[in-house]
Ligand SMILES: [Zn+2]
Ligand SMILES: [Zn+2]
């Protein structure tokens, strides 16, 4: 089974019932998904979705876009909310200098608070990095020097330097539909350098639907197309790609991994 390591079911829910979205994912062979929190004020909605489906997990965190309004100066709230068994990661957090919806300094302060929360809880940090490779690497490394923490760079579109720095710290790289786009050749070159043992797959739905679903509203079921493309890029069978990325997911998102591996776990129940 495949796992969509990063989606936004709360956004999909704004357009209606998501029972069918989750059911379609199951029929497509997507056995589990993580719905990602972007605002503290919306964490209750995200958690409620995760509690509704046995194979849906969630994160807690504040997107860099929201750092101006809801950015965390300390890790306290994140650590407290991360105690819930359905919370399996910290984020999404990071730096976005492309849109720069929030002041850079506030993004950086909130990013560091999230890293501290990941270090303290042992839950993986979910990093969003857009047009901010240098500062992202600098902060990840500076914080790493204070103590290790697990992390994934989600919807990876950055250059080889951020990829290498992340691999050096033991982090994972998660690929979304962008990797299937015609003009993403340099991204595919970077992915060729990433060991299979460090790759995850995601949709980041409802955004960025992969080819051949481009232009449609993205949903977790479509992660199968990104996985197929990745198996081509990595020159391995689709089965091996699925098996390895799922094993990687369970290692990194260990709280979700433990739940999925529990005897008698049934996604459909
Ligand atoms: Zn993101
Ligand atoms: Zn996201």
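Just so you know, all these numbers are worked out from the coordinates, no wet-lab data involved. As the structure is a computational prediction, the values presented were derived from the model and not from experiment. Don't worry about glycine lacking a Cβ; one is built from the backbone with ideal geometry, like all the others, and counts go over all protein chains shown.
For the reader, a short list of remarks on this structure follows.
- Förster-model FRET efficiency, 51 Å R0, residue 142 and residue 258, C-beta, rounded to 0.05: 0.95
- Once both labels are positioned 7 Å from their Cα atoms along Cα-to-Cβ, the gap between residue 192 and residue 134 label points is 2.8 nm.
- Helical mean residue ellipticity (222 nm; -39500 (n - 2.57) per DSSP H run of 4+; nearest 500) of the chain: -12500 deg cm²/dmol
- Relative intensity of segment 174-215 on a log10 scale, I(q)/I(0) at q = 0.20, 0.31, 0.33 Å⁻¹, equals -0.63, -1.12, -1.16, per a Debye sum over C-alpha point scatterers of equal strength in the absence of solvent.
- Principal axis dimensions, largest first and in whole angstrom, of segment 2-259 by Cα: 42, 39, 34
- Calculated from the alpha-carbon coordinates, segment 29-155 shows an Rg and a Dmax of 13.7, 42 Å respectively.
- Gain upon complete extension [residue 27, residue 84; 0.36 nm per residue less C-alpha separation]: 17.7 nm
- Nitroxide proxy distance, nm - points 7 Å out along Cα→Cβ at residue 236 and residue 39: 3.9 nm
- Segment 152-256: relative contact order in percent, alpha carbon pairs under 8 Å with at least 6 residues between: 25 percent
- Theoretical FRET efficiency, 1/(1+(r/R0)^6), r = Cβ-Cβ of residue 73 and residue 251, R0 30 Å, to 0.05: 0.45
- Note on residue 265 and residue 169: their simple-model spin labels are 2.7 nm apart, each label 7 Å out from Cα toward Cβ.
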